[in-house]
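Just so it is clear, none of the values below were taken in a lab; they were calculated from the coordinates. This is a predicted model, so every value here is computed, not measured.
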């Protein structure tokens, strides 16, 4: 049986990964989460001997060490982090604490024989883009945001532990993954919830800032193919969509797909953290996934159905 640890496993991506992995009886999955932003409602609703939830703070060495020393995992998915632009701007010291969690996971994984760690980095490491599409080989350190800085530091830690101790890793740079388990304080789910209720949809600035949005099934399928095919060992890969859309057009699309009577309301631009453009080079990801990505229209309907 393969023993797998997922930190931050009660979140959007982590919870979706847990639900998929526990379907294989040859996997034993331990989920840890401090439930600061996660929820146990996102975990499997079936009782099964092949998964376990432990409320735990990875940033506390004594807390997380009990888990790794008890189970001696084969694989670790380190997805625990403070996420969300406004949340990370409002809690900069809490974000910096995530460096402790990265260091704890690496030290304990080295000590307990973990074979490979998957790390959830972020598109935020690119800061304001100096090239488009944003490619894994180009990582400009031009972002002032604590969240982006912590993700950059985390990537450096993983590379260093590999060079020093031979601990294998894969770094996923996630670009806006959405789905039924995502909380409604992120842009696409916020728009969908408002549209369902016919409430105003709020857009910062003129809405010209652009993003790409990846449906959760595409993220999880790619992750499992990367794991099972042993791809991107000691490498970095963008995980996102190559369909770029402005925030204003996203609001209009959500209204159209859901036949909503919501009005679009414009708010002053955010003072910090709202980058003008996010558009990844996903050529590495596409070679492994080898299928078309889920359409934004389908994803909007799926999330809306989950919210009703």
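Brief remarks on what is shown
- Just checking the listed ones, 284, 42, 151: in the Gaussian network model of the chain with Cα springs under 10 Å, the one fluctuating most is 284.
- Candidates 145, 214, 17: whichever shows maximal mean-square fluctuation once the chain is modelled as a Gaussian network with Cα springs under 10 Å: 145
- Among 146, 269, 129, residue whose mean-square fluctuation peaks in a GNM of the chain (springs only between Cα atoms under 10 Å): 269
- Shape of the stretch 30-93, Cα gyration tensor, a/c cut at 1.5: oblate
- From helices alone, the chain scores -12500 deg cm²/dmol at 222 nm; the rule is -39500 (n - 2.57) for each run of n ≥ 4 DSSP H residues, then divide by the residue total.
- For the pair the stretch 143-207 and the stretch 31-91, the centres of their Cα atoms are 17 angstrom apart.
- Angle between the chain longest axis and helix 12-21 axis [Cα atoms, degrees, rounded to 10]: 50 degrees
- Seen against the Cα atoms of the chain and their longest principal axis, helix 216-228 is set at about 30 degrees.
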